[in-house]
Amino acid sequence: MDKIKISPSILSANFSKLGDEVLSLEKAGADYIHIDVMDGHFVPNITIGPEVIKKIRPLTKKIFDVHLMISPVDKYIKDFAKAGADIITFHPEATKDVNNTINLIKNENKKIGISLKPKSKIDLIENYLEKIDLILIMSVEPGFGGQKFMPEVLDKVKKLKKIITEKKLNVDIEIDGGINFDNSKTVKEAGVNILVSGSTIFKENNGDLKKNIELLRTN
Ligand code: DX5
Ligand code: ZN
């Protein structure tokens, strides 16, 4: 199995001390920092934008795994790249032309991710697998942390893993939403190699970030 990476979502962090929270995640052994960007239009919630990312960027060298839940997405790609995103992930439904969005991210020399909502089908991204670095499978409806994991998305993970292996592609499979100590093993077995987690990492074991990251990694 590929090396498992943990990408804690700062959506569950205390935003009044966001910088300290990011430093604590780094100290606790996070591989990436997952940053959820929501616009109140593509999803029914609003979070943060490039200015906040810019402010936390100097604090750490950790990979900023930026999950854009905004539509239309194209006109903001440059702003997020300049703010310090390392991976830029978008939803195919948020653009008129997936190839164009891919190229915009590529032109900024950033890693390219595409995300599928629970009901979004593989055919939405199948033609682009050769061009991207990461697939983000949503295991809850995007918009809020703390929701219940939807096991029906595992079929999609398995199918994508099979295609990626057959085509010998170098594409990560990341999962996002409701990940906990009970399902972490199952998602890895299905083919996931990057686990996003907000609530479990920030709230379980009295918020012991190190313990929770380690448990998700090794469980
Ligand atoms: C939901 C976000 C997730 C969320 C994960 O739209 O994309 O990253 O913060 O939070 P938990 O782990 O609490 O489901
Ligand atoms: Zn996310």
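The values are calculated or read from the model by the stated rules, or taken from the named source; none is laboratory data. Source: prediction; values computed, not measured. When we count neighbours, we look across all protein chains shown, and the Cβ atoms used for this are built from the backbone with ideal geometry, even at glycine. Calculation scope for accessible area: heavy atoms of the full protein, side chains included, ligands and nucleic acids excluded. Shrake-Rupley method; radii C 1.70, N 1.55, O 1.52, S 1.80 Å.
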(request) Just name the residue that is farthest from ligand 1 (Cβ to nearest atom) out of those in the range 61-74 that are open to solvent by 40 Å² or more (accessible area, probe 1.4 Å) and under 18 Å from ILE102 (Cα atoms). (result) ASP74
(message) Pull out all pairs, ordered by first then second residue, where Cβ-Cβ is under 8 Å, the residues are six or more apart or on different chains, the first lies in the range 38-60 and is surrounded by 14 or more Cβ atoms within 10 Å (Cβ to Cβ), and the second is in a helix (DSSP H, G or I) and of a type in the set (Gly, Ala, Ser).
(response) PHE42/ALA94; PRO50/ALA83; ILE53/ALA83; LYS54/ALA83; LYS55/GLY19; ILE56/GLY19; ARG57/ALA83; LEU59/GLY19
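When the range 1-24 is examined, which residues are found to be of a type outside the set (S, T, N, Q), closer than 20 Å to PHE144 by Cβ and either open to solvent by less than 40 Å² (accessible area, probe 1.4 Å) or more than 12 Å from ligand 2 (Cβ to nearest atom) (or both)? Full working, then the answer.
Step one: filter the range 1-24 for residues of a type outside the set (S, T, N, Q), giving 1-6, 8, 10-11, 13, 15, 17-23.
Narrowing further to those that are closer than 20 Å to PHE144 by Cβ: 8, 10-11, 13, 15, 18, 21.
Correct list: PRO8, ILE10, ALA13, PHE15, LEU18, GLU21.
Hey, could you check the range 54-81 for residues that are under 14 Å from TYR32 (Cα atoms) and of a type in the set (Val, Ile, Thr) and say which is nearest to the chain's Cα centre (by Cα)? Outline the logic, then answer.
First, pick out the residues of the range 54-81 that are under 14 Å from TYR32 (Cα atoms): 56-57, 59-67.
Then drop every residue that is not of a type in the set (Val, Ile, Thr), which leaves 56, 60, 63, 66.
Details: ILE56: 18, THR60: 18, ILE63: 11, VAL66: 7 Å.
In this case the residue turns out to be VAL66.
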(message) What's the number of the only condition in (1) within 20 Å of ILE53 (Cα to Cα); (2) open to solvent by 70 Å² or more (accessible area, probe 1.4 Å) that ILE105 fails to meet?
(response) (2)
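Kindly indicate whether any position in the range 186-206 is assigned to a helix (DSSP H, G or I), open to solvent by 50 Å² or more (accessible area, probe 1.4 Å) and touching a residue at least 40 places away in the same chain (Cβ under 8 Å).
Going through the range 186-206, the residues assigned to a helix (DSSP H, G or I) turn out to be 186-190, 199-206.
Cutting the leftovers down to open to solvent by 50 Å² or more (accessible area, probe 1.4 Å) gives us 186, 189, 203-206.
Restricting the remaining residues to those that are touching a residue at least 40 places away in the same chain (Cβ under 8 Å) gives 203.
Yes - at least one qualifying residue is present in the range 186-206.
On the given criteria, is LEU154 part of a helix (DSSP H, G or I), surrounded by 19 or more Cβ atoms within 10 Å (Cβ to Cβ), of a type outside the set (Lys, Arg) and out of contact with any strand residue (DSSP E or B) (no Cβ under 8 Å at 6 or more places or on another chain)? Walk me through how you get there before you give the answer.
Details: part of a helix (DSSP H, G or I): yes; surrounded by 19 or more Cβ atoms within 10 Å (Cβ to Cβ): yes; of a type outside the set (Lys, Arg): yes; out of contact with any strand residue (DSSP E or B) (no Cβ under 8 Å at 6 or more places or on another chain): yes.
Answer is yes for this residue.
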(request) Quickly run through the range 123-155 and pick out the residues that are touching a residue at least 40 places away in the same chain (Cβ under 8 Å) and away from ligand 1 (no atom under 16 Å from the Cβ). (result) LEU129, ASP133
(message) Pairs please, first residue from the range 87-103 and within 16 Å of ligand 1 (Cβ to nearest atom), second anywhere and open to solvent by 10 Å² or more (accessible area, probe 1.4 Å) and of a type outside the set (S, T, N, Q), Cβ atoms under 6 Å, 6+ apart in sequence or on different chains.
(response) ILE87/LYS111; ILE88/LYS110; PRO92/VAL98; PRO92/LEU124; ALA94/PHE42
